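**Student:** Input: one structure, supplied below.
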């Protein structure tokens, strides 16, 4: 990924936060037929770094349908790429104060993204898959007043569903973060971008405005 220094995010905790907030990622794998992309909700597991391990990068776990050729056709000797996309918004050049000064402005896009990589492992084990299903369910349901749990469904039914799944695990060896939030603009332009985003109707506009403010304090 092209990532100029002023857009780099190197703090692991910040990247982990985005991965947890936006768990539906794009998993890019290599098979005999070429590159394959799947949308997969992931759970990030973390623990203290062990000797020889990359400190704190974590492990991604997920499950996919047994019918999905991902687990049988992926080259398990090669790293996979996992892309977590955060908030994003179009930035109009008309928002820049410098448009009135010299007109040398162009449209762009603000966004945040994390790319993770590691070698994928397959778990064809019902107990492992049930544990992972419980994790992803708890992760997503915990915000509700009456969260649903896997055990709320009949055990016979969930056993049948789990037999139709396969688990995947990716111990991470690399994390790359990119926070492109107007750092390359003068302060007057950044302030104008925030004001316009705060009144825009685009779905992620408010979130991107907050990111611009956080990364570019006065």
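**Student:** Length gain on complete extension for the stretch residue 14 to residue 152, per 0.36 nm per residue less the alpha carbon to alpha carbon distance?
**Tutor:** Length difference between fully extended and current span is 46.3 nm.
**Student:** Next question. How far is helix 205-215 tilted, in degrees, relative to the longest principal axis of the Cα atoms in the chain, given as a value from 0 to 90 rounded to the nearest 10?
**Tutor:** Tilt relative to the chain: about 80 degrees.
**Student:** At a Förster distance of 25 Å, what's the computed FRET efficiency of residue 199 paired with residue 106, Cβ-Cβ distance as r, to 0.05? Before the final figure, lay out each step's value.
**Tutor:** Details: r = 22 Å, r/R0 = 0.87.
Approximately 0.70, to the nearest 0.05.
**Student:** Using mean Cβ contacts within 10 Å as the protection proxy, how do 110-118, 166-174, 75-83 order, highest first?
**Tutor:** 110-118, 166-174, 75-83
**Student:** May I ask you to give the average projected area over all directions of the convex hull of the Cα atoms of the chain, in nm² rounded to one decimal? Please report the intermediate quantities before stating the final value.
**Tutor:** On the way: hull surface 62.6 nm².
Result: a mean projected hull area of 15.7 nm².
**Student:** For the Cα atoms of the chain, what angle does the longest principal axis make with the long axis of helix 126-141, in degrees from 0 to 90, nearest 10?
**Tutor:** Approximately 30 degrees, to the nearest ten.
**Student:** Still on this structure, I have one more. Using only Cα atoms, find the angle between the long axis of helix 12-21 and the longest principal axis of the chain, and express it within 0 to 90 degrees, rounded to the nearest 10.
**Tutor:** That helix lies at roughly 70 degrees to the long axis.
**Student:** Turning to a different aspect of this structure: Once each part is reduced to its C-alpha centroid, what is the distance from region 79-132 to region 26-45 in angstrom?
**Tutor:** Here the answer is 15 Å between Cα centres.
**Student:** Let me ask you something else. If you find the alpha carbon centre of region 197-218 and of region 156-186, how far apart are they in angstrom?
**Tutor:** Going from one Cα centre to the other spans 24 Å.
**Student:** While we're on this one: Using a basic spin-label model with each label point 7 Å from the Cα along Cα→Cβ, how many nm lie between residue 83 and residue 38?
**Tutor:** Reported label-point gap for residue 83 and residue 38 is 1.7 nm.
**Student:** Can you tell me the length gained on complete extension of the stretch residue 125 to residue 45, counting 0.36 nm per residue apart and subtracting the Cα distance?
**Tutor:** On the way: separation 80, 0.36 × 80 = 28.80 nm, distance 1.85 nm.
This chain segment gains 27.0 nm when fully extended.
**Student:** Can you tell me the FRET efficiency between residue 163 and residue 1 if r is taken as the Cβ-Cβ distance and R0 is 35 Å, rounded to the nearest 0.05?
**Tutor:** On the way: r = 38 Å, r/R0 = 1.08.
Here the calculated transfer efficiency is 0.40.
**Student:** In addition: Looking at the square roots a ≥ b ≥ c of the eigenvalues of the Cα gyration tensor of region 74-163, which shape do they give, rounded for a/c under 1.5, prolate if a/b is larger than b/c, or oblate?
**Tutor:** In terms of gyration-tensor shape, oblate.
**Student:** Using Cα-Cα distances under 8 Å and only pairs 6 or more residues apart, what relative contact order does the chain have, in percent?
**Tutor:** Once normalised by length, the contact order is 25 percent.
Coordinate-derived values only; no laboratory data. This structure is a prediction, so every number in the text was calculated from the model and none was measured. Cβ atoms come from the backbone with ideal geometry, glycine included; neighbour counts cover every protein chain shown.
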